Structures are given as structure tokens and as C-alpha cells.
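In what follows, a structure is listed as C-alpha cells, so that the remarks can point back to it.
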Amino acid sequence: IPGMSDRLKREGALKSFSALSSRSGLFRDFPARKRWEDALSDIGKVYREARMSLEPRHSFKKRPLIAKPLIVKGDENISERHSKPYFLHVNKTPDNTYRGQILFLPYNYHDKNKRKEYFQTCEAMNNKLRALAGGAK
């Protein structure tokens, strides 16, 4: 994926679960913070904004492809579980500040009929994360 980190060992085919592959990436251009809580807040807000940008509020076709369960009143099928492709983490830097990062580990979506939509949704999410994070490495 263009613009993703070259520091990851990105090789190999997609698996049926979240794992490093040739399509993995790392979003890490977040500001340095004095407190880890602030760094975590930064990436949490960016992740939420990117996920919410996928579709209008109260629409639940794309967001469940990114993370489940998604609790929605009156919809029993929306709560099934599957692997998530995004992982949030905070690192302490050598200068004693903290930086958040978001790791993208796509996989072969369990429902073959939704795989194309899953990858399109991930691409839209990645584009938004890239824009909000100031680019991806």
C-alpha cells in the first residue's frame, strides 16, 4: 500500500486472521505528547473519525466490516465477531515523549461474499487515517 511504513517486514500472503503480510501498514505520523494518555487520545480520536467517515450515522453496512461486534438495537446479526484489521498502540520515545500509532493488519475476510467490500472499506479507512495522521510511514 503506497505511503505505508517500510519498517515493517511486509511480505507474504494474506491469512484468515490478522497478521503481517504484504498488505500491512503502520500509521505513525502523530504528534509527540508529554503524557501517554494524550497520545492515546490522539490516535483514538483519529481512528473514530476515520471509522465514522465510512458511512452516515445510523447506517451499519461498512463500519461492521472494520470491527465487530457493533451493538445496534434491533439488529441481531450485527453482533457476530471477526478479526479486526486495526490496532492502536502508544510508544515511549527516546526523548521521553509518547507517540501513538495505528497498525493495519488486513486478512481474508471470513465471508467470501463480502471480501471485496471489506477491502474497499479498509482502503477508504486507510485514506482517511493517512489524511488525519499527516501521512503514513
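The values are calculated or read from the model by the stated rules, or taken from the named source; none is laboratory data. Keep in mind that what you see is a predicted model, and the values were worked out from it rather than measured. Every residue, glycine among them, receives a Cβ derived from its backbone with ideal geometry; neighbour counts consider all protein chains shown. The area values use the complete protein model at the heavy-atom level, side chains included, leaving out ligands, DNA and RNA. Shrake-Rupley method; radii C 1.70, N 1.55, O 1.52, S 1.80 Å.
Out of the range 62-88, which residues are at pLDDT 85 or above and loosely packed, with under 12 Cβ neighbours inside 10 Å?
Selection gives nothing.
Looking at the range 19-37, which of the residues that are among the small types (Gly, Ala, Ser) and open to solvent by 30 Å² or more (accessible area, probe 1.4 Å) is modelled with the lowest pLDDT?
Within the range 19-37, the match that is modelled with the lowest pLDDT is Ser22.
Residue under question is Lys137, and the condition is that it be modelled with pLDDT under 95 and touching a helix residue (DSSP H, G or I) at 6+ places or on another chain (Cβ under 8 Å); does it hold?
Against the criterion (modelled with pLDDT under 95 and touching a helix residue (DSSP H, G or I) at 6+ places or on another chain (Cβ under 8 Å)), Lys137 does not qualify.
Output the residues belonging to the range 92-137 that are in contact (Cβ under 8 Å) with a residue 60 or more places away in the chain, among the basic types (Lys, Arg) and not in a loop (DSSP other than H, G, I, E, B).
Arg99, Lys128, Arg130
If Leu40 satisfies all but one of (1) in contact with an Asp or Glu (Cβ under 7 Å, 6 or more places away or on another chain); (2) modelled with pLDDT of 95 or more, what's the number of the condition it fails?
In the conditions (1) in contact with an Asp or Glu (Cβ under 7 Å, 6 or more places away or on another chain); (2) modelled with pLDDT of 95 or more, Leu40 misses (1) alone.
Scanning the range 89-131 for residues that are within 25 Å of Arg33 (Cα to Cα) and aliphatic (A, V, I, L, M), which turns out most open to solvent (accessible area, probe 1.4 Å)?
That would be Ala131.
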